Amino acid sequence: MLEIHAKVGSTVGLHARPAALFAAAAAAAPVPISVCKPGGEPVDARSILSVLTLDARFGDELILSAEGPGAEEALASVVNVLETNHDQAEA
Amino acid sequence: MVGPAVHLKGIGVSPGVVVGRVAKLSPPPVLPAGLEADGDPETEVQRTRQALSRVRDELGERSAHAASVAVDVLAAQAAMAADPVLAASIFGKIRDGQAAPTAVKDALAAFREQLLSIGGYLAERAADLDDIGNRVISVLLGLPMPGLPVRDEPFVLLAQDLAPADTATLDASSVLAIVTEQGGPTSHTAIIAKSLGIPAVVACKGAFAVEDGARMLVDGMSGAVVTDPSEEEVSERVGRLARRRAAVTEYSGPGRLADGSRIQLLVNVGTSADIERAGHADCEGVGLFRTEFLFLDRPSAPSVQEQRGTYRHIFESFSGRKVVVRTLDAGADKPLAFARMADEPNPALGMRGYRTARYLPDLLDDQLRAISRAAMGSGADVWVMAPMVATPAEASDFAKRAHELGLPLAGAMVEVPAAALRADHLLKAADFLSIGTNDLSQYTYAMDRETGAIPELLDPWQPALLELVRLTAAAGRRADKPVGVCGEAASDPQLAVVFAGMGVTSLSMAPVSLAEVRAELSLYTYSQCRRAAEMALSEQDGESARAAVGAYLDSLLAG
């Protein structure tokens, strides 16, 4: 099991568009990825509704985990989406 | 698909005449009570999977075309419809024996609860989730997709009523006109349609029964809605609209009827900014200058000197024109910091309007003194009137004070039925009367204008209100003294025609309404206006009075 800690990069938080992009990136990965707040219950990163219920704000730390072949690359690409400020990209 | 034309009638709230194909805004689906699973669960799972994909695709498609603010919401919604955890939850419930639509509803309800419990922004997303649920359930039940329709051609949007959420993505380039079965002149639909410049008719009974795709004519002025209209009818209505539009650009200056009879067009002002704007408006003066702004929100009454300065500034910008100043209209609803007001259970029926002069006589005398001094040499024709006068004694008391302080023209506002019923007696002392229709309808129909729980009772077309206007105007004619209307009602062009027909001598309104009122008045003779007034008075309620006069005035423009 591989774990990565990362912070929410979007100033609006992991809401709306950033959450949709995050879930889409997780869905594109070859292995299942889960995400949680430190000490929280892990949820399926492909599920935008589950991701929304984390209520992760800008700068909040999240723990992403995956296992199996390709887990490392998968986590890296999802973390990249998480850490990008999609709000700014839009502006 | 040419059938006989079907004529429907609603309230026109945003002018314009268009013809187009109907696209209906479907209401959210209702789950049939006691819905039970039928058929093989795996078939139902498959059907639900397809419904979710269809909703996701449609939302994705819409997000590609939506206005920028809606893009994110629609894209997130599309992602929700594709959510694997949601799908797994729905499928699990179907396999446990639930009917597919119920499974969708229950699975969404769980997420909905979670979002609501987080609150804030996420709680607002609960509505997005409801929308997805409605869409998926509609597909499963074989019902039309709820929400704003999408068509290749611009269409006539037909709805039971429009919710604010429906109008968020409403786009003037795809919607030709809006027709709703419910709603009223102040409904959300009316406000949105006016702001977007889309012709609209509300409260159009029977409209929602019209089939999707039907050809429909919408006349947002008269409120007429016609399915399968004849070419003659379309060109006739377009012609009338053109005549009205031409009159707006053609006429300026003093108000006149088609036969040259005069009716003064004035404006209502109540703030310094209003006055700046009104000074440049094409009007014959101010019909209602509300003076409260000088008195409210301050620890002590303004001095005669200070008031004089403010009035002077205003009078000078209306040099050569008339300015009717209404003296302070205070009361428990508009309390003054420097005058103790009784704490009243019913402020609207308490010590307000001219009644405050009973215990604050100096406040009134100072104000009249300041107005009188400011008027002298200002070039404006300054009149004063007292608010909410109920008896001839009050009218004569006010006139006496004003005359003594050097103001030759002193009148009374007719805002309570007692004043209208005894207008002849009021006019023995008062030099003129001015009808405040908003308060007059509140007191005539005993319906609070602040709550307006039964809005049709406050409809300015209500015949009992019109009857009181008629009585007051007739008294003015007998006494050969002016009677004006200065409520919001005067800004309704067709109601202005009715008032003209009753013998009202001036209309005072928001400056924005001047052009349309002036234009409409210019199209009819005094005897036609009189006929319109008779027709309105012979109806049983506001809606039918509006409709009867609208149809009559339209018929006059047909030739």
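The values are calculated or read from the model by the stated rules, or taken from the named source; none is laboratory data. Predicted model only: the values in this text are computed from it and were never measured. Ideal geometry is used to build each Cβ from the backbone, glycine not excepted, and the neighbour counts take in all protein chains shown. Quick note on the areas: whole protein, heavy atoms, side chains included, nothing else; ligands and nucleic acids left out. Shrake-Rupley method; radii C 1.70, N 1.55, O 1.52, S 1.80 Å.
Which of the residues belonging to region A:1-46 are within 10 Å of the chain's Cα centre (by Cα) and hydroxyl-bearing (Ser, Thr, Tyr)? Matches in region A:1-46: A:SER34 only.
So that you can scan it fast, the table gives a plain yes or no per residue for (1) modelled with pLDDT under 95; (2) surrounded by fewer than 17 Cβ atoms within 10 Å (Cβ to Cβ):
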{"site": "B:ARG477", "(1), (2)": "no, yes"}
{"site": "B:VAL485", "(1), (2)": "no, no"}
{"site": "B:ALA496", "(1), (2)": "no, no"}
{"site": "B:VAL512", "(1), (2)": "yes, yes"}
{"site": "B:VAL517", "(1), (2)": "yes, no"}
{"site": "B:GLU539", "(1), (2)": "no, no"}
{"site": "B:ALA558", "(1), (2)": "yes, yes"}
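Within region B:47-67, is even one residue buried (at least 18 other Cβ atoms within 10 Å of the Cβ) and over 30 Å from B:PRO154 (Cα atoms)? The answer is yes; a qualifying residue exists.
The residues of region A:1-12 that are closer than 16 Å to B:ALA75 by Cβ and either in contact with a Ser or Thr (Cβ under 6 Å, 6 or more places away or on another chain) or facing chain B (nearest Cβ under 9 Å) (or both) amount to a single one, A:VAL12.
Picking from residues in region A:34-91 that are open to solvent by 80 Å² or more (accessible area, probe 1.4 Å) and in a helix (DSSP H, G or I), the one that is nearest to B:ALA75 (Cα to Cα) is A:GLU90.
The conditions of being under 16 Å from A:GLU83 (Cα atoms) and more than 13 Å from chain B (Cβ to nearest Cβ) are met by A:GLU61. Within region B:25-35, the presence of a residue that is open to solvent by less than 60 Å² (accessible area, probe 1.4 Å), without any contact (Cβ under 8 Å) to a residue 40 or more places away in the chain and either within 14 Å of chain A (Cβ to nearest Cβ) or part of a strand (DSSP E or B) (or both) is excluded. Checked against the criteria, A:ALA56 does not count as facing chain B (nearest Cβ under 10 Å) and small (Gly, Ala, Ser).
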